[in-house]
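Input: a single structure, listed below in structure tokens.
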Amino acid sequence: MAELGYDYDLFVIGSGSGGVRAARIAAQAGAKVAIAEEYRVGGTCVIRGCVPKKFMVYASDYGRKLKEAQDYGWQVESSGFDFPKFMSNMHAEVDRLSGIYLRNLANAGVDVFEERAEMQDAHTIVLKDSGKTFSVDKILIATGGTPWRPTPEDLPGVEHTITSNEVFHIEELPKHIVIAGGGYIACEFAHIFAGLGVDTCLVYRGDTVLNGFDWDVRTSVHEGLKEAGVRVITSAVLDEVTTLEGEDHPYCVHLSNDTKIKSDVVLMAVGRRPATAGLGCDKAGVELDEKGAVIVDDMSRTNVPNVFAVGDVTDRIQLTPVAIREGHAFADTVFGGEEHSFDHDNVASAVFTQPEVGTVGMTEAEARKAFGEVDIYKTRFRPMQTALLEHGERVMIKLVVKADDERVVGVHIVSPDAAEMIQMLGIAVKMGVTKSQFDATCAVHPTIAEEIVTLRHKWVPETEPA
Ligand code: NDP
């Protein structure tokens, strides 16, 4: 029974990473909790994001490994990639994980409603299919984000394109794909499809992909895309997508630079928006920013005292582990009697390009702006494993060090296993590690990561940066 005469102490809208964690912890602390989900329990990460994407990265990487194995002497005979088999195995695993999320919620005593929920006011939730309404003490908005696409006025033929929601449901491996965008999703899928043998073209409006990342990461990934066989077209956007009759490829993509590209699939990866449309934030009095994100303080409180929000819908850092921590901190604070907030500084993250990007802390440009003088240590090299290969990617490792106290304020890596490396380095950076402590750490040989502790010479730019 909920306290204060409400049906529920907490109603969570959205069963992604942040919502599920918050619901579970609040219920374990004794609250009467319900959660509603309009699509599938697990949210973007489990159902149509991190998890299936990583399986696609593995699938794509196996193709390359098969080729590389031949340079190592293996006689490899491949009869090709069984895409339907892979997709079916991948979805079986996604279903299994979604089931685990459901079971964990049930075991914690959370009521799960598998339908859309909206706010009628700050204390009333209505379920859209069944029409049920509930009076609730507290509401947590954890609805995440949705892929954004231009309107048909801005991009005629946009209805022929897909987003990262649909990409996990294509039935046949296309022969040709055009990907619009130069962010996380665009770069990851460009490598995935190129690795699966798809003729892949990436169209980016800027000049170097991964805007916002350290410049050396951006240039390494940009070159890496090309080396992986991706046709990269910069300073261009999609102007129109038309259909082609009686040709091999069903679509023609018209670009702003007058290029036309025939394609089987057109993937729009041009950003995501907070999922607040029609949620009833106006009825509950919850303030949104100009992008539609719920405005919260560092305790995930909105301007309405009993309404909270965590995860991508707040547009702080759009990452699964961040949403989980925000949801956990909310539940501990509001229901567990343990007040704390999540610290958004020095969150390590990865981009699953091939090779991967691992990054934590400030970019060189951010550090120069914040501290003035910084020391840079960096190296690019071909890792040992590629020595016997006909083609092999290069690795980039870079440390950004605050000059006056030698604190390492940024680490940026483009390398196989960079995601694994940056998870460990994130601990050290979060603890305030200094460059001399890196120097005092003995190398593990022969590894790629040993370069992180053997960078002895400050990088001196050939010309001063503008
Ligand atoms: P991003 O913000 O990373 O990238 C969006 C891309 O679309 C940018 O290159 C941007 O260009 C471009 N773009 C934006 N608007 C337009 C437009 N009108 N016309 C043409 N191009 C446009 O978004 P994603 O959708 O790739 O990813 C969303 C978020 O999801 C990421 O920020 C990340 O936090 C999270 N994510 C994390 C992953 C991970 O942890 N590995 C994987 C996937 C997603 P410009 O650079 O010029 O702004």
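Just so it is clear, none of the values below were taken in a lab; they were calculated from the coordinates. Quick caveat, the model's predicted, so the values are computed rather than measured. Because the Cβ atoms are built from the backbone with ideal geometry, glycine has one as well, and the counts that use them run over all protein chains shown.
Ellipticity at 222 nm from helices only: DSSP H runs of n ≥ 4 in the chain, each -39500 (n - 2.57), divided by the residue count, give -9000 deg cm²/dmol.
Taking a ≥ b ≥ c as the square roots of the eigenvalues of the Cα gyration tensor of segment 171-288, is the shape rounded (a/c under 1.5), prolate (a/b larger than b/c) or oblate? Cα axes put segment 171-288 in the oblate bin.
Shown is the FRET efficiency for E420 and D95, computed with R0 = 35 Å from the Cβ-Cβ distance and rounded to the nearest 0.05: 0.85. Computed from the C-beta positions of K65 and N107, the FRET efficiency with R₀ = 22 Å rounds to 0.05. Between E390 and D154, the contour length at 0.36 nm per residue exceeds the alpha carbon distance by 80.5 nm. Remark: the Cα gyration tensor places segment 82-205 in the oblate category, a/c being 1.5 or greater and a/b not exceeding b/c. Sorting 92-104, 253-265, 198-210 by average packing, meaning the other beta carbons within 10 Å per residue, from highest down gives 198-210, 253-265, 92-104. Compactness of segment 293-400 was expressed as the Cα radius of gyration divided by 2.2 N^0.38 Å, which yields 1.51. Between 0 and 90 degrees, rounded to the nearest ten: what's the tilt of helix 184-195 against the longest Cα principal axis of the chain? Tilt relative to the chain: about 50 degrees. Among 340-349, 452-461, sorting by the average number of other beta carbon atoms lying within 10 angstrom of each residue, highest first, gives 340-349, 452-461. Convex hull volume of the Cα atoms of the chain, normalised per residue: 181 Å³. Calculated FRET efficiency, S130 to S88, Cβ-Cβ distance, R0 = 30 Å: about 0.40 to the nearest 0.05.
Distance between the pseudo-spin-label points of K226 and S78 (7 Å out from Cα toward the beta carbon): 2.5 nm. In terms of packing, defined here as the mean over residues of other Cβ atoms within 10 angstrom, the peptides 387-400, 182-195, 24-37 line up highest first as 182-195, 24-37, 387-400.
Both radii were evaluated on the Cα set of segment 1-120; the Rg over Rh quotient, with Rh as the Kirkwood radius, amounts to 1.22. Spin-label model, R380 to K283: label points 7 Å out along the Cα-to-beta-carbon direction sit 5.6 nm apart. For the chain, the relative contact order comes to 15 percent (Cα pairs under 8 Å, sequence separation of at least 6).
Our summary gives segment 339-466 a relative contact order of 27 percent, counting only alpha carbon pairs under 8 angstrom and 6 or more residues apart.
Normalising the average separation of contacting C-alpha pairs (under 8 angstrom, six or more residues apart) by the number of residues puts the relative contact order of segment 121-271 at 27 percent.
Radius of gyration over Kirkwood radius for segment 392-463, both on Cα atoms: the Rg/Rh ratio is 0.95. For the chain, the share of DSSP beta bridges that are antiparallel, to the nearest 5, is 60%. Projecting label points 7 angstrom from Cα along Cα→Cβ for A365 and H340 puts them 3.5 nm apart.
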